[in-house]
Amino acid sequence: MLEKPEIYDKLGVEGFINWDNAEIFQEVVKITSPKSILEIGFYRGASAFFWLYFSQATLLSVDSMRWEFCSIENIQKLLNYFGNRFAFICEPSEKIRHRILQQKFDFVFIDGGHTPDIVSNDMQLAADLEPTYIFLDDVDHSILQIFNRIAGSKYDIVARYYRKTTKEFIPMFLTKRKTNIVDDHLVLNKIEKWERIFNHPIEIKDFWTKCKDKIRRLSFRYY
Ligand SMILES: C[S@@+](CC[C@H](N)C(=O)[O-])C[C@H]1O[C@@H](n2cnc3c(N)ncnc32)[C@H](O)[C@@H]1O
């Protein structure tokens, strides 16, 4: 059992996530060794505390702070305690795209609004940032579908955790960016370029397996 540091209770960050969940966060940090974390969903700061406490990473946390019992005071407490490793944007995640798309994150934690439109936005944002890991809280069937639709071709689920609450166990999925992502557009551009150079149809066995349908369609023009 992980020993709770005094500072945890002193900061009073507990909310949806609590000390019983600490080991999950510690293990995820151990597996992923994050350097720069984006978190969507601060609430009272428990997950933010865990990211900062268990890792050496910088953390940008985003929250519109509209839910009852969100704690603005706790943002200040974490700023005081963790200094410039912590930064916060108080905005809906739907409005931060232009502010963060140029930044580099190797880990994104999605725990903001849980409606399909907000989760879709957050998933798309995370996928576009291309972090090595995306960690999802509260994964039910509909969130899994959104994950599969938006990020499933680029990320694999590598671990599942079940965090304990007073009433139930909530599934959390750790996903990792695939190393061999085939970008259809790049592949097709390459094929068209080669076709122009050689001026005759070319057979590229490797690509046949990688993006079958598109190449097959294309090949009707060649043969
Ligand atoms: C489940 S709580 C996050 C729990 C937190 N990670 C913890 O450690 O306890 C969800 C948070 O997402 C925020 N939220 C909801 N919709 C949002 C949105 N569209 N953009 C940003 N934050 C949002 C809420 O204000 C709330 O604080």
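Rule-based calculations on the coordinates, nothing more; no lab input. Because the structure is predicted, anything quoted here is derived from the model rather than measured. Cβ: placed from backbone, ideal geometry, glycine included. Neighbour counts: every protein chain shown.
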Quiz item: Which FRET efficiency, nearest 0.05, do ASN80 and GLN124 yield, Cβ-Cβ r, R0 30 Å?
Solution: 0.35
Practice problem: Mind jotting down the distance between the C-alpha centroids of region 142-164 and region 1-64, whole Å? | Solution: 20 Å
Quiz item: By the gyration tensor of its Cα atoms, with a ≥ b ≥ c the square roots of the eigenvalues, what is the shape of region 28-68: rounded for a/c under 1.5, prolate for a/b over b/c, or oblate?
Solution: prolate
Quiz item: Can you sort ILE100, ILE72 by how many other beta carbons sit within 10 Å, fewest first?
Solution: ILE72, ILE100
Quiz item: When averaged across all projection directions, what area in nm² does the alpha-carbon convex hull of region 1-155 cover?
Solution: 8.8 nm²
Quiz item: If each residue's Cβ is checked for other Cβ atoms within 10 Å, how do THR32, THR132, THR179, THR115 rank with the fewest at the top?
Solution: THR179, THR115, THR132, THR32
Exercise. For each of PHE173, PHE69, PHE107, PHE147, count neighbouring Cβ atoms within 10 Å of the residue's Cβ, then give the residues from fewest to most.
Key: PHE69, PHE173, PHE147, PHE107
Quiz item: Full extension from GLN26 to GLN145: what is 0.36 nm times the residue separation minus their Cα-Cα distance, to one decimal in nm?
Solution: 40.1 nm
Quiz item: Taking only the alpha carbons of region 45-108, what extent do you get along each of the three principal axes, in Å, biggest first?
Solution: 30, 29, 16
Practice problem: With θ set to phi - 60°, apply the Karplus curve 6.51 cos²θ - 1.76 cosθ + 1.60 along region 18-34 and write out the HN-Hα couplings as whole Hz, x wherever there is a Gly or Pro. | Solution: 9, 4, 4, 8, 4, 4, 4, 5, 4, 5, 4, 4, 4, 5, 9, 6, x
Exercise. Please list the non-local residues whose amide H lies under 5 Å from the amide H of TYR155, H modeled 1.01 Å from N, same-chain partners needing a gap of 5 or more.
Key: LYS178
